[in-house]
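What follows draws every value from the coordinates through simple rules; no lab data is involved. Computed from a prediction, not measured in an experiment: that's the story for all the values here. Virtual Cβ from ideal backbone geometry, glycine too; neighbours counted across all protein chains shown.
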Amino acid sequence: MMTARERRRVRPFGGVARTLLSLALIASMTVLYSMVWQSVGEQSSFAELERHGVRYLKPLVQLEIALTNAESIAVNGDAAPAEPVARAVDAVSAVDKELGEELRTQERWTELRKKIEALPARGTHQTVTAAYGDAGDLLLALIDKVRNNSKLIRDPEAETYYLGDGATQELPAAVVAATRYTDLLVNAAGSSAAGKAQAVVDISVARSELVSNAQDLYDNARLAVEGSGSRSLGGDLLSKFDRFNRSVEKLVPLMTPMLDGKGRVDAAQVVSARDEAQDAAAELSEALLAQIDVALQDRLSSLSQRRLLATGVLAVAVLLALAPVAAGLASRRRPDTAADDEDPKQTPPPAPAHQRVAAPVAVASTPWPTQSQWPDSRPHGGSDVNSGRRERFGVPQ
């Protein structure tokens, strides 16, 4: 059995082992925590950048609606009002001043703004469509740049990816296609018979683009609903998608009289259908971007909770790792009385005075004589009964 001195000699090595084990546990947990923190930080930065892209896209879509409305008015020979376009330009300028450097859109927006400021208020069909067509192409290119630089095009979630694709690609393209289609129909109503052949080709191309974009947009909505599994998402958005699709369905058959050669295109009916499609597109775009922003906010909230959870786990792990070390330090400060009592070489402490018992004194004893050694006490002829005892012990009579 180990003595107390030997145990005290071995104990420091056990304490060192516990300390090293605790430090290894803390180091490993710290490494895992830093990895989680870095991953969550990257995902949070990714989502924040996407939200900045959504903020930039909202005024851009409003600018597209204002430009296409102005184009339709100018194509008919009327003076397009400048106020709606000017308000939309100011809104985009404000957001570009705030986010343009981060999204790297300042140069492209400056070019587009100059093009918008040079648009004619009225003119011939060819001059108006050419000028607004160039501005529309630059606007679509700016929307695409915002989508790429904000990383909406690389979103990892199915819901936000498909909604973003619909809001930033299919819907803007459908608005441009619907405007071009209706403008060609209105212009064809007053064209000569010779010009109608080419007009039919152009109108057919514009209609195909409109139908294709509308179908892709609806497919994106369906995939987003299936990817999220949210009934509220399907109920809120699909109704707006349905309204936009119904407006497109009203536009498509308007060119039938021209194809059949049995009548003229009703310009008033075309303008009314176009206005309905523009309103449905604006409502749908706002709903799409709002839903994307809500999804990104939920993701950021979830990432923040993950960070808090990782911090709590690290704190608990550090406390559990330090507990054995603290217990070992506390035990080293207490006197090792139990170990000393078990040591056979240790002299026991003296007992208190009131508990001490005197040791018995040894007394020398003389052997008691046996019966044969005693003097005869029987009487002998009248002599003294003690004469034999006196004679035995040498006592004179």
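Given segment 248-293, report the % of alpha carbon pairs whose separation exceeds 17 Å. For segment 248-293, the share of Cα pairs beyond 17 Å comes to 46 percent. Take 27-38, 121-132, 43-54 and order them by the average number of nearby Cβ atoms within 10 Å per residue, most first; the result is 43-54, 121-132, 27-38. Each listed q (0.12 Å⁻¹) maps to a log10 I(q)/I(0) for segment 120-224 from the Debye sum over equal C-alpha point scatterers, namely -0.51. Inter-label distance, residue 315 to residue 82: 6.1 nm, where each label sits 7 Å from its Cα along the C-beta direction. On the beta carbon distance between residue 307 and residue 158, with R0 = 22 Å, the FRET formula returns roughly 0.35. Placing R0 at 45 angstrom, the Cβ-Cβ distance between residue 42 and residue 197 gives a FRET efficiency of 0.20 after rounding to 0.05. Label sites at residue 286 and residue 34, each approximated as a point 7 angstrom past Cα along Cα to Cβ, lie 4.9 nm apart. Highest mean packing first, where packing is the average number of other Cβ atoms within 10 Å per residue, the peptides 74-85, 269-280, 154-165 line up as 154-165, 269-280, 74-85.
Between the C-alpha center of segment 273-324 and that of segment 86-114 there is a gap of 27 Å.
In order along segment 161-169, the Karplus-derived 3J(HN,Hα) couplings, from 6.51 cos²θ - 1.76 cosθ + 1.60 at θ = phi - 60°, round to 5, 5, 5, x, 5, x, 6, 9, 10 Hz, and Gly and Pro are given as x.
As a calculated quantity, the FRET efficiency between residue 219 and residue 269 at R0 = 30 Å, using C-beta atoms, amounts to about 0.55. Considering only Cα atoms, the convex hull volume of segment 43-89 works out to 46 Å³ per residue. Could you give the length gained on full extension between residue 205 and residue 259, defined as 0.36 nm per residue of separation minus the Cα-Cα distance, in nm? The residue 205-residue 259 span can extend by a further 18.1 nm. Restricting the calculation to alpha carbons of segment 36-130 gives Rg and Dmax of 17.4, 62 angstrom.
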